[in-house]
Every structure is written in structure tokens, then in C-alpha cells.
1. Please find the FRET efficiency linking Ser136 to Ser87, where r is the Cβ-Cβ separation and R0 is fixed at 30 Å, and quote it to the nearest 0.05.
2. Given the pairs Lys127/Lys151; Lys73/Lys98; Lys73/Lys100; Lys102/Lys167; Lys79/Lys151, which span a C-alpha to C-alpha distance of over 25 angstrom in this model?
3. Please report the net charge: other residues with Cβ closer than 12 Å to the Cβ of Cys131, K and R +1, D and E -1.
4. What is the sum of charges around His157, taking Lys and Arg as +1, Asp and Glu as -1, for the other residues whose C-beta is under 9 Å from the C-beta of His157?
5. Label-point separation (nm) for Ile7 and Asp43, each offset 7 Å from Cα along Cα-to-Cβ?
6. If each residue's Cβ is checked for other Cβ atoms within 10 Å, how do His133, His76 rank with the fewest at the top?
7. Exposure proxy check: Glu86, Glu31 ranked by fewest other beta carbons within 10 Å?
8. Which shape class applies to the range 9-82: rounded if a/c is under 1.5, otherwise prolate when a/b exceeds b/c and oblate if not, where a ≥ b ≥ c are the square roots of the Cα gyration tensor eigenvalues?
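Every number here is computed from the coordinates shown, using simple stated rules; none is lab data. Since we're looking at a predicted model, the values are computed, not measured. When we count neighbours, we look across all protein chains shown, and the Cβ atoms used for this are built from the backbone with ideal geometry, even at glycine.
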Amino acid sequence: MAVKQPISKATIWSWLEEVIDPEIPVLNVVEMGIVRDVVMDEDPIVIKITPTYSGCPAMNAIEMEIHKKMREKGVHSFKVVTDFKESWTTDWMTEEAKQKLKEYGIAPPEKTEEEGDFLTGLKNSQKIVPCPHCDSLETKLQSEFGSTACKSQYYCHGCEQPFEHFKCI
Ligand SMILES: [Zn+2]
């Protein structure tokens, strides 16, 4: 007879850390701040996720990846719930995640409270985004949309290379 092994919450979190963001292969969904909570008091286990922005096409893929991972670990009694109570913000990303993003060649988002857009009247597109390759400030926005809608496309005059910037939400 199979004995039901209790799974700890920490174990579930560690499994979720194995789920990679399909758009940014160096980051997992926990570092991204997409997984908000794991609720174990009920059956099934509830995994709460918040989309990085509404309509992000990667979210379906992320949800599927979480399902796949849990089943792979032998957990079948669970559900993934999308939580829209709070809007995802780039502030939920860990500092390590931002560093990895930079190493991957994507300019990480700045903290949203530093924007002060209402004071300066500057739009996001006019902000100076340092180049992730050479830290040059001589960068120019080329397109509001990069390879995905969550990123914008920049060009660096310092190292003459294009790069993507993860938009601040
Ligand atoms: Zn550069």
C-alpha cells in the first residue's frame, strides 16, 4: 500500500524554481516574482501566479510548465490559480534576477518608485537605460517592442550593439 508522503511547502517552492520563464531562459518563475503563493492547507494544493502583464502570451506556457513540473514530481492534486488582485511589478523580481538579466544581455528594469514620471513629465521611453554590455549611457530607444511585448529594443552607441530592456511595470 502506498503511503502518502507529506510534501513540505519548501519542496514545492524548490520545484517551482526549476520552472524556467520561456521568454527569459536564465530566470525561473520564482525569481521573476510570478509565483506569489503556495497554499497547502487545502486539498488540492493551490499555486497562485500573477501574470507579468495582462495578455502576456508566455503566461499560458508558464502555467503549462508548472503543471508539467508538478506531475513530473508525482503531485496530481493541485491547481494553478491566476491571481489578479495585485498587478505584477518589476519590483517583485529579486536583485539576483535583475543581475542575471543583465548578464544575459537584457537591461534590467529600474525600481518603479525611482521613476518620478509625474515630476519630470518624462515617459518611460525617454529614460536613460544603461547598456547591459558596457554600462554606457549613450543608448537610444529603437522600438517600444522587442522580441516580446514585455521588452523594448535599444541600441548602444558605446559598444554599437543592440540590446533589449525589460520594461518597468
Ligand atoms: Zn554598450
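1. 0.40
2. Long pairs (Cα-Cα over 25 Å): Lys73/Lys98; Lys73/Lys100; Lys79/Lys151.
3. With Lys, Arg at +1 and Asp, Glu at -1, the neighbours total -2.
4. Value of the local net charge: -1.
5. 1.4 nm
6. The order, fewest Cβ neighbours first, is His76, His133.
7. Fewest-to-most Cβ neighbours within 10 Å comes out as Glu86, Glu31.
8. prolate
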